[in-house]
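The structure under discussion appears below in the form of structure tokens.
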2 protein chains.
Amino acid sequence: MSKLRINAFTLSLDGYGAGPDQDLQNPLGVGGQSLHKWVFGTRTFRKMVLGQDGGTTDTNETFAARSFENIGAWILGRNMFAPTRGKWLDDSWKGWWGDNPPYHVPVFVLTHHERAPIIMEGGTTFYFVTGGIHSALEQARAAANGKDVRVGGGVATIRQYLEERLIDEMHLAISPVLLGTGESLFAGLDMPKLGYQCTEQVATELATHVMIERA
Amino acid sequence: MSKLRINAFTLSLDGYGAGPDQDLQNPLGVGGQSLHKWVFGTRTFRKMVLGQDGGTTDTNETFAARSFENIGAWILGRNMFAPTRGKWLDDSWKGWWGDNPPYHVPVFVLTHHERAPIIMEGGTTFYFVTGGIHSALEQARAAANGKDVRVGGGVATIRQYLEERLIDEMHLAISPVLLGTGESLFAGLDMPKLGYQCTEQVATELATHVMIERA
């Protein structure tokens, strides 16, 4: 059956998924870039995001590769697509990723602002969903055509799907970085009570990878 | 110079240092026992806590052994010594550890209740400090006689010393366990702003070990 997944979502040691003061210069927030060191060198990241050859083939690569396997559609929170309200209202803004975003499937963006779909190069189409997380999931499942749906983030969006027990599996990478402030993934979220447990842990020097699944 | 250290303090993936509903049956809170799997098999734990031979000699053991090296005194929060107010007022309660506790040096227990020192077997003496964290540190440093002072916990006590920038180094073990609720070590504590950064990460299957130091 089609799963709702989170993959390669990276947390700091103090539990933040992005640094403070997110803006155009710092799409991951201040310090957020250091979180993602584990992925930048991988073969998958270089191929899918940078369009380059080479890269590591270690445990980090295993998790990076897995993150793109069998994904039929994505769901993104608003901040994953645009940094500010101004950008939302500016139809020339087409996301962070250039003309050929690394999705190559339909992407459903949660928002309160209606906007027409944007057809990008390489198979990515951005659809804007104003009907909430259940509506986005329904549309994404239909578009995924039997494949899995991946929630890309950010923290607030992931928390909403977890609270509704809709996430089937979640791969987190925990980086050896302290951010100090930001959006906390787990604060106030009783994961065991929601039925989640950690089922796998594999570590590298750059990150500890954990899998969390619903029982 | 004598350092103020935290060693072998174990957190869940969701950032809790102990589980909920701490009591006599569950001194680490419900689920808290599963946090500490990484240490139970080590040579150091078996020797220092159980008085038994054998045990692992892997990375977990390296960090367990380091946690007892060059410690001249300990500081404990009240919940580390006794579970309830009733136990505090009962002079027959002498801690969780039997007649020969695994400290073997002076231990300064933070409390609001005056109590005479308790001399235990094996070199451990419990002193009760009602003057707050600075007073406890002063007394512990004097007793440590040039060696380091280790703060054993719990979370609230560690946070107080971190907030005052008094901790020099902190070793955390992060276990692949979700607790859901409990005392959060990092919530609302801006570690980079306090001058702390992660300087080392080494992982095993049972825990990810990180060192955090003040710049």
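The values are calculated or read from the model by the stated rules, or taken from the named source; none is laboratory data. Because the structure is a prediction, the values reported are computed rather than measured. Glycine gets a Cβ as well: all are built from the backbone with ideal geometry, and neighbour counts include every protein chain shown. Heavy atoms of the whole protein, side chains included, go into the accessibility calculation; ligands, DNA and RNA do not. Shrake-Rupley method; radii C 1.70, N 1.55, O 1.52, S 1.80 Å.
Taking first residues from the stretch B:90-109 that are among the small types (Gly, Ala, Ser) and partners that are at pLDDT 90 or above and surrounded by fewer than 20 Cβ atoms within 10 Å (Cβ to Cβ), the Cβ contacts under 9 Å between residues at least 6 apart in sequence or on separate chains come to B:95/B:118; B:95/B:120; B:98/B:120; B:98/B:121. Among residues of the stretch A:179-206 that are more than 7 Å from chain B (Cβ to nearest Cβ) and in contact (Cβ under 8 Å) with a residue 60 or more places away in the chain, those with a beta-carbon under 7 Å from a residue that is open to solvent by 30 Å² or more (accessible area, probe 1.4 Å) and of a type in the set (Ser, Thr, Tyr) at least six positions away or on a different chain give the pairs A:202/A:59; A:204/A:59.
When B:99, B:23 are checked against the criterion of being of a type in the set (D, E, K, R), within 24 Å of residue B:178 (Cβ to Cβ) and at pLDDT below 95, a single residue qualifies: B:23. One residue alone among A:215, A:156, A:142 is away from chain B (no Cβ under 12 Å), free of Cβ contacts under 8 Å to residues at least 40 places away in the same chain and surrounded by fewer than 22 Cβ atoms within 10 Å (Cβ to Cβ), and that residue is A:142.
Please go through the stretch B:164-178 and pick out each residue that is in a loop (DSSP other than H, G, I, E, B), among the β-branched types (Val, Ile, Thr) and facing chain A (nearest Cβ under 8 Å). Residue satisfying the conditions is B:177 alone. Kindly check whether there is at least one residue in the stretch B:120-128 that is open to solvent by 40 Å² or more (accessible area, probe 1.4 Å) and within 9 Å of another protein chain (Cβ to nearest Cβ). Taking every residue of the stretch B:120-128 in turn, none turns out to be open to solvent by 40 Å² or more (accessible area, probe 1.4 Å) and within 9 Å of another protein chain (Cβ to nearest Cβ).
Of the set (1) assigned to a helix (DSSP H, G or I); (2) open to solvent by 40 Å² or more (accessible area, probe 1.4 Å); (3) in contact (Cβ under 8 Å) with a residue 24 or more places away in the chain, all apply to residue A:161 but (2).
Of the candidates B:92, B:184, the single residue that is closer than 30 Å to residue A:191 by Cβ and among the small types (Gly, Ala, Ser) is B:184.
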